[in-house]
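Below is one structure; the comments refer to it alone.
Computed from the coordinates by the stated procedures, all read-outs in this text should not be read as laboratory data. Model, not experiment: these values are computed from the prediction. Quick reminder, even Gly has a Cβ in these numbers, built from the backbone with ideal geometry, and neighbours come from all protein chains shown.
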Amino acid sequence: MPTSLSSGKSSLLAATVLVSLSLLTGCGGGGGGTGDSAKGAEGKSDVASLDKGDKGDKGKDAGAGEGGGASEEAKSPEQAKRDAAESGRPQRRLDTSDEEDQRMWNTYNACLKDNGVKMRQGMVVGSGEVPEEGPPKPKAAYDKCLIKMPLMAPELDPKTNPRYQDNFTEWVRCINKNGVPVKALPGNTGWTYTAQPKMPPEQSRKVENDCKLKAFGDKN
């Protein structure tokens, strides 16, 4: 759960928001809404693909003609399994609430725990237990639970949003303009606080979310 915006940490000054999917926990190796490094198992690496296209149908169509099916044959059994799991994963939206987002991650983390992953108490209120730091093991647990791992909102993934860089820059600008001091991390992979916000956490959180919706939801 680098999705999204960090809240509930012991110090806002130390909080960093990670919005790149590569910073979310994956079955390959969680903020919430988007890339919250404190959400669920987020904060590690996710090698799962965000391509939610109907690869199964494409494979069947290719196989119908002469020479078809070559791409399907080239796909490894492991990749085919991952593609199938991708299609069933819960999809986060740009306007997914913190509560809904956390429920998704809690369901995913509960699956990991039930399948033998060692857990620790999460840092965010309501996060419950999250996987311990370290390599994702047993791998079988992450493979089995992949279908329950929330997908990032498409707008917040550089791979699916061609305007991501501009949107992210506007997000950070808007947050600062509305009184929450933050700066972008290298590569616009997230942002971090530069000073303690002079407003209650609930208010700064609202600023961050409102600016996210405005920056990434603007279709013009």
note = If unit charges are put on Cβ atoms (+1 for Lys and Arg, -1 for Asp and Glu) and the dipole of segment 91-220 is taken about its Cα centre, the option from 121, 102, 185 lying farthest towards the positive end turns out to be 185
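In the neighborhood of residue 119, defined by Cβ-to-Cβ distances under 10 Å, what is the net charge if each Lys or Arg adds +1 and each Asp or Glu adds -1?
+1
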ask   = Once fully extended, how much extra length lies between residue 165 and residue 87, figured as 0.36 nm per residue of separation less the alpha-carbon to alpha-carbon distance?
value = 25.4 nm
query = What is segment 72-174 by shape, rounded, prolate or oblate, if you read a ≥ b ≥ c off the alpha carbon gyration tensor as root eigenvalues and call it rounded for a/c under 1.5, prolate for a/b larger than b/c, and oblate otherwise?
reply = oblate
ask   = What order do you get for 147-155, 135-143 when each peptide is scored by the mean count of other beta carbon atoms within 10 Å, highest first?
value = 147-155, 135-143
